[in-house]
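*Asks:* The structure under discussion is supplied below as structure tokens; questions concerning it will follow.
The values are calculated or read from the model by the stated rules, or taken from the named source; none is laboratory data. None of these values were measured; they are calculated from a predicted model. Virtual Cβ from ideal backbone geometry, glycine too; neighbours counted across all protein chains shown.
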Amino acid sequence: MSELRTNRIVPRDGLPAGSAGGIIQVKSTTMTTTATYSISGMTWTEVSGLTTTITPTRSDSKILVMANIGGISSNGEYQRYGMALRRNSTNIGVNSDGANHTRANWTYYGRNFGNTPDTFAVFNHLDSPATTSAVSYKVMITTEGSYTLYINRSVTDSSSSSVFRTASSLTLMEISG
């Protein structure tokens, strides 16, 4: 004999209008390779392995964007670098007071630690794209001056069991509006 028990059933396209919280779909990408970016003049540069596209099923859906960069390193001693989440061509979830400031989701002022990534970055943002067209989300990085940023590896990256490499990910969840 079969038995089915449930507290509720959520339709495939999410909860009805006026309800919120049901997860409709999840898209994710994991970057397990390393990358090197030479950046100058505070130019936002896309981390090519951290881009994911989602097509919301409803225009009132929210997209929970979760970015995790396992390791960022720089060849500069005591310099600044930052990360931003971008929807299509616009950075999202950043500070709105941009008078002569670089608007970012996450920043770091650090130094070159040699065989270990300087730091890691984690950022979450609940976005409202208000569309049912495909939306592309990506992780962007920048640095002051002219420096090289390394993703998922240290600056020296020598071949040794005491040298760390990491993985990064970008996950999107469509949430019923």
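*Asks:* How many residues are part of a loop (DSSP other than H, G, I, E, B) and either of a type in the set (A, V, I, L, M, F, W, C) or farther than 21 Å from Thr45 by Cβ (or both) if we restrict to the stretch 144-174?
*Replies:* 10
*Asks:* Considering only residues that are of a type in the set (A, V, I, L, M) and at pLDDT below 80, look in the stretch 1-54 and name the one that is surrounded by the fewest Cβ atoms within 10 Å (Cβ to Cβ).
*Replies:* The residue in question is Met1.
*Asks:* Going through Ala121, Ala104, Ala67 one at a time, which residue ends up being at pLDDT below 90 and in a strand (DSSP E or B)?
*Replies:* Just one listed residue meets the conditions, Ala121.
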